[in-house]
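Presented below is the structure to which this report refers.
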Amino acid sequence: MDLSSVDFSRAQFALTALYHFLFVPLTLGLSFMIAFMETIYVSTGNEQWKKITKFWLRLFVINFAIGVATGIIMEFEFGTNWANYSWFVGDIFGAPLAIEGLFAFFLEATFFAVMFFGWDRVSKKFHLLSTWLVAIGSNLSAYWILIANAWMQDPVGTSFNPETIRNEMSSFVEVALSPMGVSKFLHTVGGGYITSALFVLGISAYFMLKKRNFVMAKKSFVVASSFGFLCSLFVLFSGDESAYQVAQKQPMKLAAMEGLYSGEINAGIVAFGVLDPKKEPGDGKDPFLFEIKAPYALGIMATRGINNFTPGIEDLVFGNENFNIISADDRIKSGKIALGALEGYKRAKERGDQISVLENRRLLEQNMQNFGYGYLEKAEEIVPPVALTFYSFHIMVSLGGYFILLFFVALYLSMANDIENFKKFLWICVWSIPLGYVACEAGWIVAEVGRQPWAIQNLMPVGIAATNLSGANVAISFALFALLFSALFIAEIKIMLKQIKIGF
Amino acid sequence: MKLGKTLWALIIIKLFVMFFVLKALFFDETINTKFTNEADKIDFVYKNLTKDR
């Protein structure tokens, strides 16, 4: 396998996913905020709320139009750059994405047309219903996509068929309601809601600072601060649940998120820390050059109890008999047995040796949970990029804390009649708009970089998932992607700014 | 409506680049276009999964 081709395919996928997610959060949250605003308009009949709804709807439409279909590029990449992966995951990955396309996206797209073009053409109540259905549809889309992603993090409800070299769904319910998927959905859409609330808060603050459309901007500011405050509290809890799921299913990711090399009972959480870049597993060095820890917190988050052990990177690499953690070397041996059994199964089938077929199938099933380990040569290969995971996680969490404070102060001040006098705070709101995006992207880096080297947790490393393509070809398409997405992003900002300048 | 026209133009350009440039030139080959029958696809993936061993 050409490694540069694999790395370019990874970089290309990362670029596509990160760019795509610049558009998604605003669609998820702003759709609900517009629905709230329109509900107030319909229930009070106040024309100001209609103007407010229409203003935010214009910005929503710009974001939707530019962002729509950018996710399809990932499907191109699955087919061409990740052919082995696409075949191996079989219909498990395909089913949620098909449901997303058939139901959720069509629901969203159909009622989107009514929402945008239907003012004065349909009744007020039908228009309002359409707005709500767009919000629900876009969030349902997110649900099915995140279910597909969660299956890669925790492949449940499935069994491997050596005959077809594919994973087959054994339980749709297990896949569709996997705890990893549900917690991922809640946390991700929560992040999107906060990003949208920051967007509305910041733009409203700008109008108040400029003393333009002051009353409508203040009404929007109140909606954004209330919605943002509730969502930022919600994200605190959904983040806790996400971390618990990661601790159960992807303990290596959790250890990397916290820079925890040596496992501990009642492990503390690093509130602030600087990692030693030279640290290697098993070298006996302190992983931190500097750290401030909150005692017990990581242990409670990871195990939901006290006096429990949270494994570190070294426990997972080298094993820890005291806590029944098997070493990566043992899992590599088991994985190689699984791979050997797959080959043995195929050869026995060709010879028509039924006894050997059954024996190899039994061996494969016994060792399937370590199948991907069979491709690894060294135990240390299971360690993801620790620094990137650690810093991304801490940026996300710090911003999460900042958002709670920001929305609380915004909500408190919005009750006062002289909010325009708090100019510095209003400017802070304006400059906080990009921070929601930063937190969302950091969260995705934690989720995806933290699970390396796996394309599918424990079953398939990225090097095997990728198709052997020419490195140059992937590099050219990577450059084209960067160009296309950058052009779209610049277009979005320019058109948005123009519309914002027009005002309510 | 000027905003609507701008957005439609952007959508059309974007879809053209995606489907007629990227898809046609760089993402034209998948396992389904390369092989027509199921057995060949299985054999292709099987070889990729076991070749380095």
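The values are calculated or read from the model by the stated rules, or taken from the named source; none is laboratory data. Every value quoted in this text rests on a predicted model; they were computed, and no experiment measured them. Every residue, glycine as well, gets a Cβ built from its backbone with ideal geometry; the counts of neighbours run over all protein chains shown. Ligands, DNA and RNA are stripped out before the accessible areas are found, and what is left, the full protein with its side chains, is counted by its heavy atoms. Shrake-Rupley method; radii C 1.70, N 1.55, O 1.52, S 1.80 Å.
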Inset, instruction - Just give me the residues in the range A:112-132 being out of contact with any Gly (no Cβ under 6 Å at 6 or more places or on another chain), of a type outside the set (D, E, K, R), surrounded by 14 or more Cβ atoms within 10 Å (Cβ to Cβ) and farther than 15 Å from A:L30 by Cβ, in sequence order. - result: A:V114, A:G118, A:W119, A:V122, A:L128, A:L129, A:S130
Inset, instruction - Restrict the check to the range B:19-29 and report whether at least one residue is surrounded by 14 or more Cβ atoms within 10 Å (Cβ to Cβ) and of a type in the set (D, E, K, R). - result: yes
Legend entry - Options A:V357, A:V317; residue that is part of a helix (DSSP H, G or I), open to solvent by less than 30 Å² (accessible area, probe 1.4 Å), in contact (Cβ under 8 Å) with a residue 24 or more places away in the chain and not hydroxyl-bearing (S, T, Y): A:V317
Legend entry - Out of A:F425, A:F390, sole residue that is buried (at least 16 other Cβ atoms within 10 Å of the Cβ) and part of a helix (DSSP H, G or I): A:F390
Legend entry - Filter result for A:S242 (part of a helix (DSSP H, G or I), among the hydroxyl-bearing types (S, T, Y) and more than 30 Å from A:L316 (Cβ to Cβ)): no
Legend entry - Leading residue by the ranking (nearest to the other protein chains (Cβ to nearest Cβ)) among those in the range A:158-175 that are more than 23 Å from A:G450 (Cα to Cα) and open to solvent by less than 20 Å² (accessible area, probe 1.4 Å): A:I165
Inset, instruction - State all residues of the range A:257-271 that are buried (at least 18 other Cβ atoms within 10 Å of the Cβ) and not acidic (D, E); if no residue qualifies, say none. - result: A:M257, A:G259, A:L260, A:Y261, A:G263, A:A267, A:G268, A:I269, A:V270
Legend entry - Neighbours by Cβ (under 6 Å, 6+ apart or cross-chain): first from the range A:470-493, more than 21 Å from B:F16 (Cβ to Cβ) and more than 10 Å from chain B (Cβ to nearest Cβ); second in a helix (DSSP H, G or I) and open to solvent by less than 40 Å² (accessible area, probe 1.4 Å): A:G471/A:S5
Inset, instruction - Please work out which residue is farthest from the other protein chains (Cβ to nearest Cβ), limiting yourself to the range B:11-53 and to residues that are part of a loop (DSSP other than H, G, I, E, B) and under 13 Å from the mean Cα position of the chain (by Cα). - result: B:D28
